[in-house]
Amino acid sequence: MDVQATSILQQIIDKSKSIVFFGGAGVSTESGIPDFRSVDGLYNQEWSYPPEEIISRSFFYKNTKEFYRFYRAKLLPKGIEPNAAHYKLAELEKAGKLSAVVTQNIDGLHQKAGSKRVYELHGSTLRNYCLDCQAFYDEKIIEESENTEDKLPHCPKCGGLIKPDVVLYEEGLDQEVIEGAVRAISQADTLIIGGTSLTVYPAAGLINYFHGENLVLLNKSITAQDSSATLVIHEPIGQVLSQIKVE
């Protein structure tokens, strides 16, 4: 652990009045949620398509059963709990230091840890809706559909097909969520970016709206924004944030 860098981060947080956290998959991997882009050695034995194709809008409609087989296996991990990063961010919000979390993740762990103001750029696996009557359901309806005859989730009210409220490839981001995230980032005096390589657009482009004093990057690997950051720490985000004291 880089003690000096952590000390500098502590000083930045202590002086900040409006922090926004922008996070990606690296925040949740410490809770045991794998980044689906990191294809393991067994992947090609089980799946006939690349993950980006499977979780696309067109694949959802043309090969719905295979979509849900992948979705349940890779995007609905069970028994996952928030980690030190999630809890520290919730603590900072409660203390009035952090004004918002902007996340690319769809697991709902920020809210589970206690964060209230969360902008979910790519939606959430915890919300699902009927394509016909628009009724909403939690993730259990997706899990339980694995035991049905056609292995597809259907609306108990009208029988329509249920779709996860997540942004698939070939779909646009929710405009209201985008506007909220842009507003929060543009008003922040400190932007902490964690667990993301900043390569997924348009989400990554939102950081261009930040004009505050401190840009902090917490990521295991180098990003394109490292050279313009106030502070860069290439260590696990949970380990770093767990060292932060909240007054």
Quick one: what pairs do we get from the stretch 152-168, first residue at positive phi, second open to solvent by less than 40 Å² (accessible area, probe 1.4 Å), C-beta under 9 Å, 6+ apart or different chains? 159/130
Tabulated pairs, the stretch 1-23, first part of a loop (DSSP other than H, G, I, E, B), second polar (S, T, N, Q) and open to solvent by 20 Å² or more (accessible area, probe 1.4 Å), C-beta under 8 angstrom, 6+ apart or interchain: 1/239; 1/243; 16/214; 18/99; 18/187
By residue number, the members of the stretch 44-81 that are modelled with pLDDT under 90, assigned to a helix (DSSP H, G or I) and either closer than 29 Å to residue 237 by Cβ or polar (S, T, N, Q) (or both) are 44, 45, 51, 52, 73, 74, 75
When every residue in the stretch 88-126 that is aliphatic (A, V, I, L, M) and open to solvent by 40 Å² or more (accessible area, probe 1.4 Å) is compared, the one farthest from residue 155 (Cα to Cα) is 95
Report, by residue number, each residue of the stretch 220-247 that is over 15 Å from residue 89 (Cβ atoms), at pLDDT 90 or above and touching a strand residue (DSSP E or B) at 6+ places or on another chain (Cβ under 8 Å). 229, 230, 231, 232, 233, 235
Inside the stretch 176-226, can you point out the residues that are assigned to a helix (DSSP H, G or I), under 13 Å from residue 19 (Cα atoms) and open to solvent by 30 Å² or more (accessible area, probe 1.4 Å)? 183, 186, 187
Over the stretch 227-247, the set of residues among the polar types (S, T, N, Q), open to solvent by 80 Å² or more (accessible area, probe 1.4 Å) and more than 13 Å from residue 10 (Cα to Cα) is 227, 239
Out of (1) open to solvent by less than 10 Å² (accessible area, probe 1.4 Å); (2) of a type outside the set (Gly, Ala, Ser); (3) more than 17 Å from the chain's Cα centre (by Cα), the one residue 164 does not meet is (3)
Can you tell me which residues in the stretch 127-137 are farther than 14 Å from residue 72 by Cβ and open to solvent by less than 70 Å² (accessible area, probe 1.4 Å)? 129, 130, 131, 133, 135, 137
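The values are calculated or read from the model by the stated rules, or taken from the named source; none is laboratory data. Quantities reported herein were computed from a predicted structural model and do not represent experimental measurements. All Cβ positions, glycine included, derive from the backbone under ideal geometry; neighbour counts span all protein chains shown. Ligands, DNA and RNA are excluded from the accessible area calculation, which covers all protein heavy atoms including side chains. Shrake-Rupley method; radii C 1.70, N 1.55, O 1.52, S 1.80 Å.
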